[in-house]
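Novice: I'd like to ask some things about the structure below.
What follows is calculated from the coordinates using simple rules that are stated; it is not laboratory data. As the structure is a computational prediction, the values presented were derived from the model and not from experiment. All Cβ positions, even for glycine, are placed from backbone atoms using ideal geometry, and neighbour counts span all protein chains on display.
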Amino acid sequence: MNTADSNNSHPYEQLTPDCILDALEDVGFEPTGSLLALNSYENRVYQVSLEDGTFVIAKFYRPNRWSDAAILEEHAFSQELADQEIPIVVPLAINGKTLFEFNSFRFAVFPRQGGRAPELEQPETLKLLGRSLGRLHSVGATRPFTDRPKITVQNFGYDSLKFLLDNDFISPEVRTNYQQAAEEALQLVEQRYEAIFPRNIRLHGDCHPGNLLWRDDAPHFVDLDDCRMGPAIQDLWMLLSGTSDEMSIQFRHILEGYETFFEFDPAELSLIEALRTLRLLHYSAWLARRWDDPAFPQHFPWFNSPRYWEDQMITLREQIERLQAPSLQL
């Protein structure tokens with residue numbers, strides 16, 4: 001079982017407070033020296049106080065994750081959405097540029113935007129969310145990404161499983177049973193994809209409640225770091241919770257607003273459990289791929305333990321049952 005040393009050197013160890021402040025000064029800002037690290041593990045994100053009394057958010061991209069072209073495509077998509085008056089946090093342009101580099105770290109700077117978590121138990125909130133997502137998808141469907149990937153069974157599912165197996169992350173006690181459950185689940189996921197061949201559009205990609213801010217009586221989208229091509233339902237299913245009946249009611253509220261701007265294909269409801277399964281595997285592989293970053297053993301101490309893998313195996317078996325059951329009904 002892989003037990004990477006949490007003291008291993010990592011590129012982010014070179015991202016010191018002085019480096020962050022110097023990077024902001026290099027592009028023309030005047031920081032006071034006050035920094036607040038925000039809750040982000042994939043990248044490093046800081047609230048920075050400026051001499052004029054305002055604040056900005058500095059996002060330092062994880063080295064070697066995205067190409068410059070892929071990051072700029074994220075920025076362009078956010079600006080495209082903002083141009084259509086869809087509430088989204090857009091990187092600041094400085095001398096016509098939104099992506100900068102300092103001491104080998106690529107970074108972008110965003111305006112600070114406050115807000116609160118959406119009240120997803122309120123039907124009106126779900127309708128407004130649906131309207132915003134319908135507008136987002138109407139823009140996303142106009143053309144494809146060229147430098148950002150597509151959600152597939154291969155890259156989210158099989159590639160994730162292969163990484164975990166090849167690098168001996170899965171506890172020996174459950175390795176065989178975990179692999180069998182994952183492979184059976186992925187076969188069912190493939191069947192659901194092949195049954196409908198969903199349309200792929202540009203998506204937010206990681207549209208869970210934590211990436212939504214509620215302000216001015218409307219949702220504001222943040223963090224397009226995971227934007228990619230995929231079926232529309234990917235941006236909708238993570239807003240649902242509870243029993244099948246409860247999720248059906250929630251989805252109908254979302255759809256009431258959504259279809260004001262973009263037509264939803266009901267066949268994509270069959271992908272909810274498929275996408276949930278892919279997310280489970282992708283999440284485990286994400287933690288494994290980042291285990292050399294000292295922040296991960298520190299903040300995810302429960303990962304890579306025998307108990308974790310046993311729980312994941314049980315969850316995959318539950319997903320197999322869900323994938324064999326009828327899809328969510330409207």
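Novice: Note the full-extension length gain between Asp26 and Ala82 as 0.36 nm times their separation in residues minus their Cα-Cα distance, in nm to one decimal.
Specialist: Working it through step by step, the gained length comes to 17.5 nm.
Novice: When averaged across all projection directions, what area in nm² does the alpha-carbon convex hull of region 178-263 cover?
Specialist: 7.6
Novice: Can you tell me which of Asn155, Asn64, Asn167 moves the most in a GNM of the chain? Springs connect C-alpha atoms under 10 Å apart.
Specialist: Of Asn155, Asn64, Asn167, the Gaussian network model singles out Asn64 as fluctuating most.
Novice: With a ≥ b ≥ c taken as the square roots of the eigenvalues of the C-alpha gyration tensor of region 11-111, please select rounded if a/c is under 1.5 and otherwise prolate if a/b is larger than b/c or oblate if it is not?
Specialist: oblate
Novice: Moving to a separate point now. Of Ala108, Pro87, Gln122, whose Cα points farthest to the positive end of the dipole of region 85-128 (charges on the beta-carbon: +1 Lys, Arg; -1 Asp, Glu; origin at the Cα centre)?
Specialist: With unit charges placed on the Cβ atoms, the residue in question is Ala108.
Novice: Mind grabbing the base-10 log of I(q)/I(0) for region 86-184 at q = 0.14, 0.18, 0.21, 0.25 Å⁻¹? Debye formula, identical points on the C-alpha positions, no solvent, two decimal places.
Specialist: So the normalised log intensities work out to -1.00, -1.02, -1.06, -1.25.
Novice: Right, here's the next one. In whole Å, what are the extents of the chain along the principal axes defined by its C-alpha atoms, from largest to smallest?
Specialist: Cα spread of the chain along its principal axes, largest to smallest: 58, 51, 35 Å.
Novice: Something else now. Once you charge only the Cβ atoms, +1 for Lys and Arg and -1 for Asp and Glu, what is the size of the charge dipole of region 123-324 about its Cα centre, to the nearest 20 debye?
Specialist: Once rounded to the nearest 20, the dipole reads 400 debye.
Novice: Using the basic label-point model (7 angstrom from Cα toward the beta carbon), what is the Glu13 to Ala195 distance in nanometres?
Specialist: 5.0
Novice: OK, next. If the elastic network links every pair of Cα atoms under 10 Å, which of Thr125, Thr315, Thr243 fluctuates the most in the Gaussian network model of the chain?
Specialist: Answer for the Gaussian network model of the chain: Thr243.
Novice: So, one more: If you add up the charges near Leu38, with Lys and Arg at +1 and Asp and Glu at -1, over every other residue whose beta carbon is less than 11 angstrom from its beta carbon, what do you get?
Specialist: It works out to a net charge of +2.
Novice: Also: Of the candidates Gly230, Gly28, Gly210, which one comes out as most mobile in a Gaussian network treatment of the chain with C-alpha springs shorter than 10 Å?
Specialist: In this elastic network of the chain, the residue with the biggest mean-square fluctuation among Gly230, Gly28, Gly210 is Gly28.
Novice: Which FRET efficiency, nearest 0.05, do Phe163 and Asp217 yield, Cβ-Cβ r, R0 30 Å?
Specialist: With a Förster radius of 30 Å, E is 0.10.
Novice: Calculate, in nm to one decimal, what Ala295 and His208 gain on full extension: separation in residues at 0.36 nm each, minus their alpha carbon distance.
Specialist: That works out to 29.1 nm of additional length.
Novice: Let me ask something else about it. Could you order peptides 36-43, 80-87 by the average number of other Cβ atoms within 10 Å of their residues, highest first?
Specialist: Per-residue mean Cβ counts within 10 Å order the peptides as 80-87, 36-43.
Novice: Turning to a different aspect of this structure: Report relative contact order for the chain in percent, whole number only (criteria: Cα-Cα under 8 Å, sequence separation at least 6).
Specialist: Relative CO of the chain lands at 24 percent.
Novice: Oh, and also: So, by mean Cβ neighbours within 10 angstrom, what's the order for 45-52, 200-207, 278-285 with the highest one leading?
Specialist: Highest-to-lowest ranking by the protection proxy: 200-207, 278-285, 45-52.
Novice: Further question on the same structure: I'd like to know which of Ser270, Ile314, His253 lies farthest towards the positive end of the charge dipole of region 246-316, counting +1 on Cβ of Lys and Arg and -1 on Cβ of Asp and Glu.
Specialist: Highest projection toward the positive end goes to Ile314.
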